[in-house]
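Peer 1: Let me give you the structure first, and then I'll get to my questions.
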């Protein structure tokens, strides 16, 4: 590839237009050029594991970019005219414009999705696509002014008729709103999804007012529900209420965009001649994980018939920002069931609720309603937003106990790493008003009846967290999450310190950790709990490292121990 080494990661200082005090754009990081030798780079897709895919429509190639190596490579040399891609449920879906079909990639072979008519004349060429949480596919037909839906079973139907030149398309994180870009009038339309494949209440959401050039093109969305659309010269960003938040100007005309990188904070932009990356203070939506049995050292993410999943449930709202969780309800046994809130880790700055999909399923199989919560991370919202969201999740379970077959007097929580800290803080400080927030159900209690902390720090105002805050302030996660160093705002560190809040009112609290993951980390907390008469203890797993709770063989032993602890202390 011509001069690829010179093009990789070259930095362009470009115009960024902001319309909000707290920008979703990381203005400290200029737009980067990843590579420039494409005829027309179009709809990109991130696989959630480390690879970005994107087609060059005119060249008939499918590329992949792997940030860890910095390499852009041709993945499929004879891909044909692919206008967009979308990764979900472990599959790469392609808008196979040249062959007038939606395809899925199996290895390096394109396979036509069932349900599409053959030999339609004139050809009906799909433009862009999005996949919903059921595996259904929406795609735009720009020429005929329609949006089509293909069900997971392969049944095709018209979801939207008579929209002028539909192009880009995306779904809100909760799957309840479908957004479609009308290319020629440069409008964004929003539709309420009444059920998969059916919409109503079409309304104008936003309009680009940047001159005569055509331009409402490819779209994506972030975890907060902010909508991104490629225009004639910029990526436009609106919040869920249609307020313009900002623009990102690109060196060449942008065509499409998606979020990627391990932290899901990079907006990848494709366009005429270029692949670009802009770091954001927003997080993209992770693809739905592949449903698979035990694979290597990874536990199963298969939802058995004995468990009913409720994905992307809105459990609260902070301003226009909807808070989402995945809830798993047992179908065997007599309810109401005890419930467990499951809180993922990631240093308060990274991660996603799908990280604990396997754990939530495994506990649900053992008779618990489980709620894997998504919460606002540190680059989107500073402390105490994240802990307020977790407490709101507990209040939601109490308020909606009948709907999800929950015993409201039997709610526990488990979290790993930073999620363990949050669970410790939930257990220790349900009485602290500043940690509750106003995301909903203020009349309900967030009190837990039992909690498990897996290798999470309990101390913030002292110990290793405080030490790192002082010695390495730029790399300290707590400094980024709280927005201050410990010396700048000691009161914030004290407020976030679970150890300081521990008392005789704290519920039974179990600690879990791997043998090689500092088992003595929370010894002071265990001693304080014992002195207060609170049941506590520690389980140490031989040869386990940080994160062993998501790996076999430790996973199975830890789930069994969780079950035993919750049976003893949650179901009394």
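Peer 1: Out of the stretch 364-389, which residues are crowded, with 24+ Cβ neighbours inside 10 Å and either part of a helix (DSSP H, G or I) or not assigned by TED's automatic domain parsing to the domain that holds residue 317 (or both)?
Peer 2: Correct list: 364, 386, 387, 389.
Peer 1: Of the residues 114, 99, 127, which single one is surrounded by fewer than 19 Cβ atoms within 10 Å (Cβ to Cβ) and under 21 Å from residue 58 (Cβ atoms)?
Peer 2: Of the residues listed, the single one that is surrounded by fewer than 19 Cβ atoms within 10 Å (Cβ to Cβ) and under 21 Å from residue 58 (Cβ atoms) is 99.
Peer 1: While we're on this one: Tell me which strands (runs of 3 or more DSSP E) are completely within the stretch 182-249 and hold 1 or more residues being outside the structural domain of residue 353 (by TED's automatic domain parsing) and either without any contact (Cβ under 8 Å) to a residue 40 or more places away in the chain or closer than 20 Å to residue 159 by Cβ (or both), or say none if there are none.
Peer 2: 187-195, 198-207, 219-221, 227-230, 234-238
Peer 1: Turning to a different aspect of this structure: Can you tell me how many residues in the stretch 347-366 are closer than 23 Å to residue 292 by Cα and touching a residue at least 60 places away in the same chain (Cβ under 8 Å)?
Peer 2: Residues flagged as closer than 23 Å to residue 292 by Cα and touching a residue at least 60 places away in the same chain (Cβ under 8 Å) within the stretch 347-366 amount to 13.
Here is a yes/no grid of residues against (1) at positive phi; (2) touching a helix residue (DSSP H, G or I) at 6+ places or on another chain (Cβ under 9 Å); (3) in contact (Cβ under 8 Å) with a residue 60 or more places away in the chain; (4) assigned by TED's automatic domain parsing to the domain that holds residue 244:
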| site | (1), (2), (3), (4) |
| --- | --- |
| 270 | no, no, yes, yes |
| 284 | no, no, yes, no |
| 319 | yes, no, no, no |
| 324 | no, yes, yes, no |
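Peer 1: Residue 135: assigned to a loop (DSSP other than H, G, I, E, B), out of contact with any helix residue (DSSP H, G or I) (no Cβ under 9 Å at 6 or more places or on another chain) and buried (at least 24 other Cβ atoms within 10 Å of the Cβ), yes or no?
Peer 2: Criteria not met by residue 135.
Peer 1: Also, I was wondering about something else. Return only the number of the condition from (1) in a helix (DSSP H, G or I); (2) surrounded by fewer than 15 Cβ atoms within 10 Å (Cβ to Cβ); (3) free of Cβ contacts under 8 Å to residues at least 60 places away in the same chain; (4) in contact with a helix residue (DSSP H, G or I) (Cβ under 9 Å, 6 or more places away or on another chain) that residue 527 does not satisfy.
Peer 2: (4)
Peer 1: Can you name every one of the strands (runs of 3 or more DSSP E) wholly within the stretch 49-119 that holds 3 or more residues which are within 27 Å of the chain's Cα centre (by Cα)?
Peer 2: Passing ranges, in order: 52-56, 61-66, 71-76, 82-88, 91-96, 101-106.
Peer 1: Here's a follow-up. Give me a count of the residues in the stretch 430-440 that are over 24 Å from the mean Cα position of the chain (by Cα) and either surrounded by 22 or more Cβ atoms within 10 Å (Cβ to Cβ) or under 14 Å from residue 393 (Cβ atoms) (or both).
Peer 2: Residues in the stretch 430-440 being over 24 Å from the mean Cα position of the chain (by Cα) and either surrounded by 22 or more Cβ atoms within 10 Å (Cβ to Cβ) or under 14 Å from residue 393 (Cβ atoms) (or both): 1 in total.
The values are calculated or read from the model by the stated rules, or taken from the named source; none is laboratory data. What you are looking at is a predicted structure, and each value in this text was computed from that prediction instead of being measured. Glycine gets a Cβ as well: all are built from the backbone with ideal geometry, and neighbour counts include every protein chain shown.
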